[in-house]
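Presented below is the structure to which this report refers.
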Amino acid sequence: MMAHSAAGGFLEEQFRAVCAEFQKHELGGADWELLVDTLGIKVFRLRNQQSGLYEYKVFGVLEDCPPDVLADVYMDLNYRKQWDSYVKELYEEECDGKNVVYWEVNYPFPMSNRDYVYIRDCRELDWEGQKVYVVLAKSVEVPQFPEKSGVVRVKQYKQSLALVSDGKKGSRVFMHYFDNPGGQIPSWLINWFAKGYC
């Protein structure tokens with residue numbers, strides 16, 4: 001397995017909390033709405049009453065891909081540039097002892113592109129006798145990545161991902177995702193884009 005970022009910015013308890021949420025397979029008692037249920041994957045969303053935006057939780061099984069391979073693919077920025085046609089720029093740079101990712105996303109005309117500056121970390125944890133790969137990511141502000149003219153900076157982004165063997169040759173997967181792309185985009189369009197992208 002490849003060496004993953006030791007970004008620093010996350011506490012051990014945050015990784016363990018993702019494992020606990022994954023293990024319980026719960027939505028947290030809020031008004032989560034089932035959005036997609038197909039091919040062993042369920043996507044739920046929860047609307048923020050103030051912003052009109054949604055956060056998403058995904059539970060499912062990917063039958064033909066073991067968790068270590070999924071973790072490697074997820075963390076491999078160069079590979080993402082090959083399959084993700086929305087990527088305009090994507091790279092990682094060390095800033096003040098942390099590995100920081102810069103990601104510019106192509107948005108359709110007439111909207112401005114969005115960019116993300118975030119830290120991430122992937123850890124292998126032993127959770128109740130199982131090896132769990134947990135990825136955490138969140139937006140950060142660092143002077144090495146100033147905002148670009150004509151590109152809207154996404155300042156609210158967070159993601160957690162947990163991957164564990166399904167006991168065969170595949171993986172059980174959990175993801176929790178939120179971002180606020182900012183700017184003057186109708187919330188229905190943001191949520192439509194997120195639905196197809198996360």
Original post:
Has the stretch 8-23 got any residue that is at pLDDT 90 or above, part of a loop (DSSP other than H, G, I, E, B) and of a type in the set (A, V, I, L, M, F, W, C)?
Top reply: yes
Subject >> Condition check for Asp37: outside any strand (DSSP E or B) and either open to solvent by 50 Å² or more (accessible area, probe 1.4 Å) or closer than 22 Å to Leu163 by Cβ (or both) >> reply: no
Original post:
Pairs under 8 Å by beta carbon, first residue over 30 Å from Ser149 (Cα atoms) and among the aromatic types (Phe, Trp, Tyr) in the stretch 110-136, partner open to solvent by 50 Å² or more (accessible area, probe 1.4 Å) and not in a strand (DSSP E or B), six or more apart or different chains?
Top reply: Trp127/Arg16; Trp127/Gln23; Tyr133/Asp68
**OP:** Report, by residue number, each residue of the stretch 105-129 that is over 30 Å from Glu12 (Cα atoms), surrounded by fewer than 20 Cβ atoms within 10 Å (Cβ to Cβ) and not hydrophobic (A, V, I, L, M, F, W, C).
**Re:** Asn106, Tyr107, Pro108, Pro110, Ser112, Asn113
Original post:
Considering Asp76, Asp31, which residue is in contact (Cβ under 8 Å) with a residue 60 or more places away in the chain and open to solvent by 50 Å² or more (accessible area, probe 1.4 Å)?
Top reply: Asp76
Original post:
Here are some residues: Asp96, Asp84. Which one is open to solvent by less than 30 Å² (accessible area, probe 1.4 Å) and modelled with pLDDT under 95?
Top reply: Asp84
Original post:
Considering the stretch 146-160 alone, what residues qualify as being assigned to a loop (DSSP other than H, G, I, E, B) and over 16 Å from Pro108 (Cα atoms)?
Top reply: Pro146, Glu147, Lys148, Ser149, Lys155
**OP:** Go through the stretch 149-170 residue by residue and tally those that are over 17 Å from the mean Cα position of the chain (by Cα) and touching a residue at least 40 places away in the same chain (Cβ under 8 Å).
**Re:** 7
Subject >> Every residue from the stretch 127-146 that is charged (D, E, K, R) and under 16 Å from the mean Cα position of the chain (by Cα) >> reply: Lys138
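The values are calculated or read from the model by the stated rules, or taken from the named source; none is laboratory data. Note that the coordinates shown come from a computational prediction; the quantities given were computed from them, not determined experimentally. Note: ideal-geometry Cβ built from the backbone for every residue, glycine included; neighbour counts use all protein chains shown. Side chains included, ligands, DNA and RNA excluded: accessible areas come from the protein's heavy atoms. Shrake-Rupley method; radii C 1.70, N 1.55, O 1.52, S 1.80 Å.
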